[in-house]
Amino acid sequence: MKSKKCKIKLEGYEIERMRKIVNAIKDFNNTTSEKASIDYDIMCELDGADDFLARLLGLYQPSNEDFSRNWYVDYQWDEDAG
C-alpha cells in the first residue's frame with residue numbers, strides 16, 4: 001500500500017476558507033443523502049474549492065501544448081511539492 005504524507009499550513013484567509021469548504025462538503029453530503037435539492041449557497045461555497053485544496057495539497061492539473069491550464073483534466077500529485 002502506498003502512502004503520502006501531506007502537511008498543510010494555513011495562513012490568513014485560508015483558515016476560514018478551509019472551514020467553509022469542509023462545512024459545505026458536510027452540508028452537501030447531508031442534503032444529497034436526504035434526497036433534497038442542493039442549496040445554491042452550498043454550491044457557492046464549493047466554487048473553486050478544488051483549486052484551493054489542490055494547491056494546499058500539492059496537486060496540479062497538467063497544461064496543454066499551449067501551456068494553458070485544462071480545467072477538465074484530473075489533478076495529479078506534484079512530486080516536487082514538500
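The values are calculated or read from the model by the stated rules, or taken from the named source; none is laboratory data. It should be emphasised that the depicted structure is a prediction, and the values quoted were computed from it without experimental measurement. Quick reminder, even Gly has a Cβ in these numbers, built from the backbone with ideal geometry, and neighbours come from all protein chains shown. The area values use the complete protein model at the heavy-atom level, side chains included, leaving out ligands, DNA and RNA. Shrake-Rupley method; radii C 1.70, N 1.55, O 1.52, S 1.80 Å.
What are the residues in the range 22-35 that are open to solvent by less than 60 Å² (accessible area, probe 1.4 Å) and more than 26 Å from Cys6 (Cβ to Cβ), if any?
Thr31, Thr32
In the range 41-82, what residues are touching a residue at least 40 places away in the same chain (Cβ under 8 Å) and in a loop (DSSP other than H, G, I, E, B)?
Hits for the range 41-82 are Gly58, Gly82.
May I ask you to verify whether Glu14 is acidic (Asp, Glu), out of contact with any strand residue (DSSP E or B) (no Cβ under 8 Å at 6 or more places or on another chain) and part of a helix (DSSP H, G or I)?
Considered against the rule, which asks whether it is acidic (Asp, Glu), out of contact with any strand residue (DSSP E or B) (no Cβ under 8 Å at 6 or more places or on another chain) and part of a helix (DSSP H, G or I), Glu14 comes out as yes.
Of all residues in the range 21-42, how many are touching an Asp or Glu at 6+ places or on another chain (Cβ under 8 Å) and farther than 24 Å from Gln76 by Cα?
Count: 5.
Write out, first by first residue and then by second, each pair whose Cβ atoms fall under 7 Å of each other, whose residues are 6+ apart or on separate chains, and whose first residue, in the range 1-16, is surrounded by 10 or more Cβ atoms within 10 Å (Cβ to Cβ) while the second is part of a loop (DSSP other than H, G, I, E, B).
Cys6/Gly58
Output the number of the condition that Ile38 fails; it satisfies all remaining conditions of (1) surrounded by 11 or more Cβ atoms within 10 Å (Cβ to Cβ); (2) outside any loop (DSSP other than H, G, I, E, B).
Of everything listed in (1) surrounded by 11 or more Cβ atoms within 10 Å (Cβ to Cβ); (2) outside any loop (DSSP other than H, G, I, E, B), Ile38 misses just condition (2).
Look at Phe52 and say whether it is aromatic (Phe, Trp, Tyr), over 11 Å from the mean Cα position of the chain (by Cα) and surrounded by 11 or more Cβ atoms within 10 Å (Cβ to Cβ).
It is false that Phe52 is aromatic (Phe, Trp, Tyr), over 11 Å from the mean Cα position of the chain (by Cα) and surrounded by 11 or more Cβ atoms within 10 Å (Cβ to Cβ).
Looking at the range 64-78 only, could you name the residues that are within 18 Å of the chain's Cα centre (by Cα) and either open to solvent by 90 Å² or more (accessible area, probe 1.4 Å) or at pLDDT below 85 (or both)?
Those that are within 18 Å of the chain's Cα centre (by Cα) and either open to solvent by 90 Å² or more (accessible area, probe 1.4 Å) or at pLDDT below 85 (or both): Arg69, Asn70, Trp71, Tyr72, Asp74, Trp77, Asp78.
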